[in-house]
Amino acid sequence: MNTQKIKERFDLVAQNYDVQRKLFIPCYDDYYLSMIKFIAKSLKTPQNIVDLGAGTGLLTQFFYEKFPNAKFTLIDISDKMLEIAKKRFEGNSKIEYLISDYSNEFNTINPDLIISGLSIHHLSDPDKQTLYKNIYKNLLSNGVFINFDQFNADSCELNMMYNNYWYEQIMNSGISEIEYNKWLKRRELDKENTIDQTKQMLREAGFSIVECIYSYMKFGVVIAQKIT
């Protein structure tokens, strides 16, 4: 994994990252708000939540609103992104921050929920497989992993159709040409899998319950539970 390149490109866009989320995610409300509402009603209340590739803390913010009594650990390689997260949660003693490349190894104290948003698709397949095993190892028994991410369609033809529609939506969103080109540069880092490939890797990591609970073109939410 080229961590330095990923860090550099996300450091560059840290200040505008949150503002642009709705421009880059055409299904933003369903993807985040509806799914997290469903998850919050379906999960046993977590006590210790880890956010991998937490960035500016956007995904943590949504989960914090549902689970305000939980402890959160935000892990990201970009210090500039985490600086935005620190401002977001300023004065909140329940939030901790760790500047780290989570793809190699991460150690946290008994998380019962690990989340990630639009981050893991930057990893190579071997790094993803290592990560999923580490997630499984770190989770408490009956703990849950939830990945909000980008995925390929099963066929190249349909994936191209998804990409073309997605790019057109972004171009027509009002975003500047400069910001659009920065996004295209970040797209060069993407190493997306299909949802089925992701589910298979999670099963191979040890998860016995693995489901896709949301899918809209390039965007999906996959949930896996550790049963021991």
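The values are calculated or read from the model by the stated rules, or taken from the named source; none is laboratory data. Small disclaimer: the values here were computed from a predicted structure and weren't measured. Cβ: placed from backbone, ideal geometry, glycine included. Neighbour counts: every protein chain shown. Ligands, DNA and RNA are excluded from the accessible area calculation, which covers all protein heavy atoms including side chains. Shrake-Rupley method; radii C 1.70, N 1.55, O 1.52, S 1.80 Å.
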(request) Mind checking the per residue accessible area of segment 40-124 for me, 1.4 Å probe, whole number of Å²? (result) 42
(message) How much of the DSSP bridge set in the chain is antiparallel, in percent, rounded to the nearest 5?
(response) 40
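Please give the length that would be gained between Ser42 and Asn164 if that part of the chain were fully extended, namely 0.36 nm times their separation in residues minus their C-alpha to C-alpha distance (nm, one decimal).
Working it through step by step, the gained length comes to 40.5 nm.
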(message) Please compute the contact order of the chain in relative form: average sequence separation of alpha-carbon pairs under 8 Å and at least six residues apart, divided by the residue count, as a percent.
(response) 20
(message) Using each residue's phi in segment 101-115, evaluate 6.51 cos²θ - 1.76 cosθ + 1.60 at θ = phi - 60° and report the 3J(HN,Hα) Karplus result to the nearest Hz, with x for Gly and Pro.
(response) 8, 5, 5, 7, 6, 9, 10, 10, 8, 6, x, 9, 8, 10, 10
(message) Assuming a strict under-30 Å limit between Cα atoms, what lysine pair count do you get for segment 109-228 once near-sequence pairs (fewer than 8 apart, same chain) are dropped?
(response) 26
(message) Using the basic label-point model (7 angstrom from Cα toward the beta carbon), what is the Leu189 to Ser93 distance in nanometres?
(response) 3.5
